[in-house]
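Data block below; observations after.
The values are calculated or read from the model by the stated rules, or taken from the named source; none is laboratory data. The structure presented is a predicted model; accordingly, all values stated were derived computationally and were not measured. Glycine gets a Cβ as well: all are built from the backbone with ideal geometry, and neighbour counts include every protein chain shown.
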Amino acid sequence: MKHEELVNMNMKDLKARLKEIGTQAQTAEGEALDALTTEAEDINGILQDIQNRANIAGLAAQAGDDHDDTPGEKGDDVKNKKREERGQSLKDGKTVQFNAKVAFGSVQNALSITQTVTPKHTASDVKETFNDVSSLVDRVRAIPLNGGETYQRGYVKSYGDGAGSTAESADYSATEPTFGYVTMEKQKITAYTEEPEEMVKLPNADYDSVVEGSVTRAIRKYMNRQIMIGDGTSGKFKGIFHNPTKATEQVIDPATDLFMKAITDETLDDIIYGYGGDEEVEDVAVLILNKKDLKAFAKLKDKQGRKFYTIVNHGNTGTIDGVPYVINSACKAVTDTQTSTAEYCMAYGPLSNYEMPIFSDIDARKSTDYKFKQGQIAYRADIFAGGAVAAYNGFIRVKRPETGK
């Protein structure tokens, strides 16, 4: 109802209308609920005005009273007479009533506090939770190929080792490099979420931007896992831990895998010196591992009770005795004793040895049209990308053996 109609109603009708609004609000949504809320606030204001006018009228009537205002029991003041009557009733052992407003102050305010607007303060931002996206996706070699379908990478498997002495006029020693290649197909990665339209109307904090950003975060989280454990099936990433069935398609030779049952004072040396060629030690490699194994490195102590490894943490990354590491939860833990199956746990090598062709930008969209009737806002994001190890034996992998072996 409009304000002009409400002001012409009496108190009884206004209270009845307020009760009716309360019933309708139980099922109302969106703009209908907002309209009911506005009308209820208007009615409360009118009722308060009526009460205030009544209070003023009562005070004016007392001011115009011609009775003797002489204080004391003998005066004609109405208050004095009431006091005298209450006093006599108390002497006679009867029950008397006192004005609660006089005894306790403004009873009306105390009783109607839930109906009045009280100040509430709301934070201007939304507190984030722990990071659940590894930085690995930002550190591998991303190759922009917008609009492409596949990406093929050639690599050297061996430079050949046939050089030798040759007699005069004899054929030269044959040395033939061996090459291989890996094909990366595009995979469509998507994320979708919905939120009620009321979320946008919440005060101060931008909850809507958190929901919108969550779809992009979900895609990055998925890509992080695929870099490690992508199964290489049609249109999927070929992860570092992936072993193709055909030996000719294996970029990493499973024979180079290290098997470890625990984190010891020799673990880091075994990994570092187990990686690379016979003629040098690689110095640009990164260790990818589970946080539980990083904890095991940190807890290891020497015979004097001092920490064996010096670990510097920088959130998702850091160093172990100067060796860079990055945490990725897709890696299983060597120290996990809850499972008996053989599983890959760590990988060590230059992160540029993993290439990730990006066939499109991340396309994130917001729509208020879909599920318009339900008042839902939809968010979606997608990207076309692929990935695979792009250098022969580009990583050395650490595997926890099957229990009992």
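Within the span defined as the range 298-306, every residue fails to be part of a loop (DSSP other than H, G, I, E, B), within 15 Å of Arg397 (Cβ to Cβ) and touching a residue at least 12 places away in the same chain (Cβ under 8 Å). Apart from one condition, Ile396 fits all of (1) among the β-branched types (Val, Ile, Thr); (2) modelled with pLDDT of 90 or more; (3) under 30 Å from Glu197 (Cα atoms); the exception is (3). Among residues of the range 334-359 being crowded, with 20+ Cβ neighbours inside 10 Å and small (Gly, Ala, Ser), the one that is nearest to the chain's Cα centre (by Cα) is Ala347. For the residues Tyr379, Tyr392, the requirement of being in the same structural domain as Met228 (by TED's automatic domain parsing), within 27 Å of Gly235 (Cβ to Cβ), over 24 Å from the mean Cα position of the chain (by Cα) and among the aromatic types (Phe, Trp, Tyr) singles out Tyr392. For the range 1-45, residues that are charged (D, E, K, R), part of a helix (DSSP H, G or I) and over 41 Å from the mean Cα position of the chain (by Cα) total 8.
Annotation: of all residues in the range 361-393 being surrounded by 14 or more Cβ atoms within 10 Å (Cβ to Cβ) and among the aromatic types (Phe, Trp, Tyr), the one that is modelled with the lowest pLDDT is Tyr379. Among the residues of the range 36-54, those identified as exposed (fewer than 13 other Cβ atoms within 10 Å of the Cβ) and closer than 30 Å to Pro196 by Cα are Thr38, Glu41.
Of all residues in the range 309-333, those being over 23 Å from Ala388 (Cα atoms) and under 28 Å from the mean Cα position of the chain (by Cα) number 7. When the range 312-328 is filtered for residues that are closer than 12 Å to Leu268 by Cα and either assigned to a loop (DSSP other than H, G, I, E, B) or touching a helix residue (DSSP H, G or I) at 6+ places or on another chain (Cβ under 6 Å) (or both), the ones remaining, listed by number, are Ile320, Asp321, Gly322. Of all the numbered requirements in (1) outside any strand (DSSP E or B); (2) surrounded by 12 or more Cβ atoms within 10 Å (Cβ to Cβ); (3) at pLDDT 75 or above, Gly160 misses one, and that requirement is (3). I'm checking my understanding of the structure. Among residues of the range 252-293 that are in contact with a Pro (Cβ under 8 Å, 6 or more places away or on another chain) and surrounded by fewer than 18 Cβ atoms within 10 Å (Cβ to Cβ), which one is nearest to Thr317 (Cα to Cα)? Within the range 252-293, the match that is nearest to Thr317 (Cα to Cα) is Val284. Residues in the range 267-281: is at least one in contact with a Lys or Arg (Cβ under 8 Å, 6 or more places away or on another chain), under 16 Å from Gly322 (Cβ atoms) and either in a helix (DSSP H, G or I) or in contact (Cβ under 8 Å) with a residue 40 or more places away in the chain (or both)? Among the residues of the range 267-281, not one is in contact with a Lys or Arg (Cβ under 8 Å, 6 or more places away or on another chain), under 16 Å from Gly322 (Cβ atoms) and either in a helix (DSSP H, G or I) or in contact (Cβ under 8 Å) with a residue 40 or more places away in the chain (or both), which makes the answer no. Counting only strands (runs of 3 or more DSSP E) that fall entirely inside the range 329-386 and contain at least 3 residues that are small (Gly, Ala, Ser) and touching a strand residue (DSSP E or B) at 6+ places or on another chain (Cβ under 7 Å), the qualifying elements are 376-385.
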